[in-house]
Amino acid sequence: MPIVVRIDVELAKRKMSVGEFAERVGLTPANVAVLKNGRAKAVRFSTLEAMCRVLGCQPGDLLEWVPD
């Protein structure tokens with residue numbers, strides 16, 4: 001998939017656990033894992049907004065397009 005999710009990079013920068021992140025965003029840890037592992041087919045803008053708010057970042061910090 002040419003869209004890579006970089007949540008793990010942003011979590012590491014902030015020394016934040018997946019559990020804490022999931023709780024603050026309002027997701028289950030399992031759904032965060034789906035996003036991190038690139039198995040998600042879609043992300044709601046409201047979820048993306050919550051992730052950016054919690055991490056203090058821009059959507060481009062979390063999502064990267066990589067050519068095949």
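The values are calculated or read from the model by the stated rules, or taken from the named source; none is laboratory data. Since the model is a prediction, treat every value here as computed from it, not as a measurement. A quick note on method: Cβ atoms are made from the backbone with ideal geometry, for glycine too, and the neighbour counts reach across all protein chains shown.
Listed here are the residues, each with its yes/no results for (1) of a type in the set (D, E, K, R); (2) at positive phi; (3) touching a strand residue (DSSP E or B) at 6+ places or on another chain (Cβ under 8 Å).
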site	(1), (2), (3)
LYS13	yes, no, no
THR28	no, no, no
LEU35	no, no, yes
GLN58	no, no, no
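Please find, within region 7-41, the residue that is nearest to ASP68 (Cα to Cα) out of those that are in a loop (DSSP other than H, G, I, E, B) and at pLDDT below 95.
GLY38
Just the residues that are free of Cβ contacts under 8 Å to residues at least 40 places away in the same chain, in contact with a helix residue (DSSP H, G or I) (Cβ under 8 Å, 6 or more places away or on another chain), surrounded by 12 or more Cβ atoms within 10 Å (Cβ to Cβ) and more than 15 Å from VAL4 (Cβ to Cβ), please, taken from region 49-63.
If the condition is that a residue be free of Cβ contacts under 8 Å to residues at least 40 places away in the same chain, in contact with a helix residue (DSSP H, G or I) (Cβ under 8 Å, 6 or more places away or on another chain), surrounded by 12 or more Cβ atoms within 10 Å (Cβ to Cβ) and more than 15 Å from VAL4 (Cβ to Cβ), then ALA50, CYS52, VAL54 are the ones that fit.
Got a number for residues in region 17-47 being of a type in the set (A, V, I, L, M) and either over 12 Å from the mean Cα position of the chain (by Cα) or exposed (fewer than 14 other Cβ atoms within 10 Å of the Cβ) (or both)?
So the count comes out to 2.
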